[in-house]
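The values are calculated or read from the model by the stated rules, or taken from the named source; none is laboratory data. Owing to the predicted nature of the structure, the values given are computational and were not obtained by experimental measurement. Glycine also receives a Cβ, built like all others from the backbone with ideal geometry; neighbour counts cover every protein chain displayed.
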């Protein structure tokens with residue numbers, strides 16, 4: 001976990017002079033935007049349980065498998081070992097936020113790491129429960145359909161929190177985190 005140190009005001013170079021470094025590799029970015037697109041399609045556009053809804057769920061399941069594998073063998077900031085949150089790291093970040101003196105992280109910060117792990121877990125659970133609804137053993141089981149929907153709605157709530165946090169962090173650290181997930185680059 002690369003920590004830059006507490007944020008400080010003033011004296012920074014202009015955005016045209018600012019140096020950037022490569023942080024998010026193509027696999028991380030493709031995973032992120034695949035999940036964003038798939039969740040948007042399945043939650044708001046595609047009809048529940050129909051062919052394209054299921055295909056989109058299978059795409060997410062495949063993306064999760066790739067991302068988890070990449071978390072062990074991928075580039076530095078893609079590896080779980082780079083951003084695994086510990087209680088001490090999480091508390092340090094929370095104290096830093098409360099005192100408005102939090103450290104800036106090149107990769108995922110501890111709270112973002114927790115969010116990422118929870119979202120991947122919920123995405124996997126959604127894919128699994130969605131697949132289970134297609135099996136003869138669970139065909140028409142309302143409890144499973146309700147569980148699938150509840151998990152999907154939980155993802156939607158967490159995604160709004162995640163997006164809001166990215167916007168707040170972008171403002172606080174004067175860096176467009178959404179754009180960095182497009183370009184793969186962040187301020188050095």
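All conditions but one from (1) touching a residue at least 60 places away in the same chain (Cβ under 8 Å); (2) within 21 Å of residue 160 (Cα to Cα) apply to residue 130; the one that does not is (2). Within the option set 120, 161, being surrounded by 17 or more Cβ atoms within 10 Å (Cβ to Cβ) and modelled with pLDDT of 95 or more holds for one residue only, 120. Against the list (1) part of a helix (DSSP H, G or I); (2) touching a strand residue (DSSP E or B) at 6+ places or on another chain (Cβ under 8 Å), the condition residue 127 fails is (2). Picking from residues in the range 78-88 that are surrounded by 15 or more Cβ atoms within 10 Å (Cβ to Cβ) and without any contact (Cβ under 8 Å) to a residue 12 or more places away in the chain, the one that is nearest to residue 30 (Cα to Cα) is 79. Of everything in the range 43-77 that is in a loop (DSSP other than H, G, I, E, B) and more than 21 Å from the chain's Cα centre (by Cα), the residue that is surrounded by the most Cβ atoms within 10 Å (Cβ to Cβ) is 46.
Is it the case, given these coordinates, that residue 177 is free of Cβ contacts under 8 Å to residues at least 12 places away in the same chain, out of contact with any helix residue (DSSP H, G or I) (no Cβ under 9 Å at 6 or more places or on another chain) and farther than 19 Å from residue 43 by Cα? Walk me through how you get there before you give the answer.
Numbers: free of Cβ contacts under 8 Å to residues at least 12 places away in the same chain: yes; out of contact with any helix residue (DSSP H, G or I) (no Cβ under 9 Å at 6 or more places or on another chain): no; farther than 19 Å from residue 43 by Cα: yes.
For residue 177, the condition - free of Cβ contacts under 8 Å to residues at least 12 places away in the same chain, out of contact with any helix residue (DSSP H, G or I) (no Cβ under 9 Å at 6 or more places or on another chain) and farther than 19 Å from residue 43 by Cα - is not met.
In the set 94, 161, 155, 167, only one residue is part of a helix (DSSP H, G or I), more than 13 Å from the chain's Cα centre (by Cα) and in contact (Cβ under 8 Å) with a residue 12 or more places away in the chain; that residue is 94. For residue 130, the criteria (1) within 17 Å of residue 34 (Cα to Cα); (2) buried (at least 16 other Cβ atoms within 10 Å of the Cβ) hold in every case but one, which is (1).
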